[in-house]
Every structure is written in C-alpha cells, then in structure tokens.
1. Around Lys129, under 13 Å between beta carbons, what's the net of Lys plus Arg minus Asp minus Glu among the other residues?
2. About the Cα centre of the stretch 56-192, how large is the charge dipole given +1 on each Lys and Arg Cβ and -1 on each Asp and Glu Cβ? Please answer in debye to the nearest 20.
3. Show me the ranking of peptides 158-169, 107-118 by mean Cβ neighbours inside 10 Å, starting with the highest.
4. For the pair Arg175 and Asp276, what calculated FRET efficiency results from E = 1/(1 + (r/R0)^6), where r is the Cβ-Cβ distance and R0 = 22 Å, to the nearest 0.05?
5. Per 5 Å bin, what percent of the C-alpha pairs of the stretch 105-219 does each bin hold, from zero upward?
6. With the other protein chains left in place, how much accessible area per residue, in square angstrom, belongs to the chain at a 1.4 angstrom probe?
7. Between Thr2 and Ser72, take the C-beta separation as r, use R0 = 25 Å, and let me know the FRET efficiency to the nearest 0.05.
8. Can you list the HN-Hα couplings for the stretch 38-43, worked out from phi with the Karplus curve (6.51, -1.76, 1.60; θ = phi - 60°), rounded to whole Hz and with x for Gly and Pro?
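The values are calculated or read from the model by the stated rules, or taken from the named source; none is laboratory data. Just so it is clear, the model here is predicted, and its values are computed rather than measured. Every residue, glycine among them, receives a Cβ derived from its backbone with ideal geometry; neighbour counts consider all protein chains shown. Note: accessible area is taken over every heavy atom of the protein model, side chains too, but ligands, DNA and RNA are not part of it. Shrake-Rupley method; radii C 1.70, N 1.55, O 1.52, S 1.80 Å.
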Amino acid sequence: MTKIEKTLLGKVAVITGGSRGFGAAVAEAVIERGGKVAIGDILIKEGESTAENFNAAAAAKVAAFIQCDVTSYKDNIALFQFAEKEFGGVDIAFLNAGIGGKASDIAFLPPDDELDAKCMDVNGTSVIKGTKIAILHMAKKGGVIVNTASILGTHTLPSTAAYSASKHAVVGWTRSFNLLPQVCGIRVNAVCPHFVDTDLIAIKNPEIIAKGGPMLQLIPKINKATVSTVVKAVLTLIEDESRNAQTLLALPGDVIRVEEPPPPLMEGVTPQFKEDYKQYERDYVSYYKKQLKTSLEVYQKDHHCA
C-alpha cells in the first residue's frame, strides 16, 4: 500500500456539497494528507454522518459539519466563520455544491421563474458568492479556491442547456482571476469532470427518469471518468502552486489535462494596445489591492471578524 505524504498538514479546507460524491471524496483526500475539513451541505443527516465517520476513522477531530445553502450569502459567511472557529483558519475552498435534474433541461418547459433560475443559482451564482467570501477569509495569508465546473462547462450537450450554461459561467468566472495572486496571494482554478457515476448523473435522477427523453438512452453509452480521477485533478489544482485560472479536465481513462481557453482575438490589435494592456494589468493589481482592503474592513466590521 502506497504511503500518502502529508502534503496538506495543518491546512484547513472548506468544502461545499461535502456530504457525498466529489465533495466527500476530496474531503477524505485532504484529511489523508494531514488537513482538516469544514463541510457545508444542505443535507443535514448525510453531512453529519460524513463528518462523524471521518472523525471516528482518524480518532481525532478532523472534520466538522454545518448546514449550508450555497445560494445564500448568510450561509456562506456562516460556513467560513465556522471553519475559522473550529480549526483556526481557511487555506483551501472547494466550491463543489451543484444540481442537475429537471432544472438542467428547461428550454421546452413552461416559463417558471423559480425553476428556470435554480440551475444558474446553485451551480453558478453560488460559486461567485462562495469565491467572494473565501477571498475575504484568505486574503491575509493567501490560499487556493477550486470550483467544480464540468466537461459541459467547455463543451455542450443539447439536453442539458441550462446545466451547461451554469458550468460555462463557472469556467468564465474562474479564468477571470489570472491576476488575483498578485492582488492577495490567492489562486482560483476549476475542475471539469467528464460524466461520472454519481448521484447527480441523469439516469440516477428521479426527476429525469420521470421526464424521460433521449438522454436516458445516451448516458449509459458514454464512457465514464472515475471519482478518483476527479480527486486527483482537484489535488493537483490545490497542491501545484503554478496553477492559476486553470480549467482542468478529469476524463475517462484517468486522463487529466488542461482545457486551454481560446486564444485572444488579435485582429486590429496594435503594438501600442499591447503596451496599453500591460499597463492595464499593472493598474488592475494596484486598484484591486485598494478595493480589497476596503472590502475587508467593511466585512470585518459588519460580521465581527477578528
């Protein structure tokens, strides 16, 4: 049996959607490498059980659970403050909570404000909220954020238009933080799993089964990636400090590779504009350092942070 190095000794990870699936698997990997985890999930029974099992296996307190609705700023703030209270800080955030089901395939359903917003709210907007709060908790000493996107965040499938749109949003959000390490020492990346046999997959989702449709025939024929490959990809994004604003595919056959963004448009770009853009990047760093300082002061005052 291969000995696992304690590469995350003393590190604390916040993990949303951590009661099962990718979240629980990554939590286990963090603990095996010497870290501790604060699990946030809307599923209370499953979350409490997962944390208790980790603690029992370690014969120590290595995990703690708090109920968290990731679409709520209040709950995101409570989760990160909970992690600091339980374990003394936050070094890693794995923003992983997500949904599929009926909300992922809404193009031909009757107009429904709540249903039509649900996939984007849980899969996309929640990552924006979680990132913002994570930055405020990590800004003093740096850290790393990994967002769960999907192969459908870089590709598309007609039967999952809303889900694909939400995961494209995560990819775009992640790639926009290439200068964040220069602002506050925080890296932001995304893992993009291929289809994996988890509870989220369509053929296991009661809503999709009830609705029917061609996806039910297609999914069993798609080659699947494994949870272990997804975990390896997440650990790579956490541990390799050279990785920032990357989208890392976790594919069948234990293949892990970067999905590069399309090259920037160069038509009409003059040498002068290239110099202007370099100046913009320098200005960005100094401008957002000041904005972050102000945001931290407001956050610490409003939420009684130390």
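1. Here the count lands on -1.
2. Taking the Cα centre of the stretch 56-192 as origin, the dipole is about 580 debye.
3. Ranked by mean Cβ neighbours within 10 Å, highest first: 158-169, 107-118.
4. Once the sixth-power term is evaluated, E becomes 0.55.
5. Taking every Cα pair in the stretch 105-219, the percentages come to 2, 11, 18, 21, 17, 12, 8, 6, 4, 1, 0.
6. On the way: 15680 Å² over 306 residues.
Result: 51 Å² of accessible area for each residue.
7. That pair, Thr2 with Ser72, gives E of 0.05.
8. Karplus values, whole Hz, x for Gly and Pro: 9, 9, x, 7, 6, 8.
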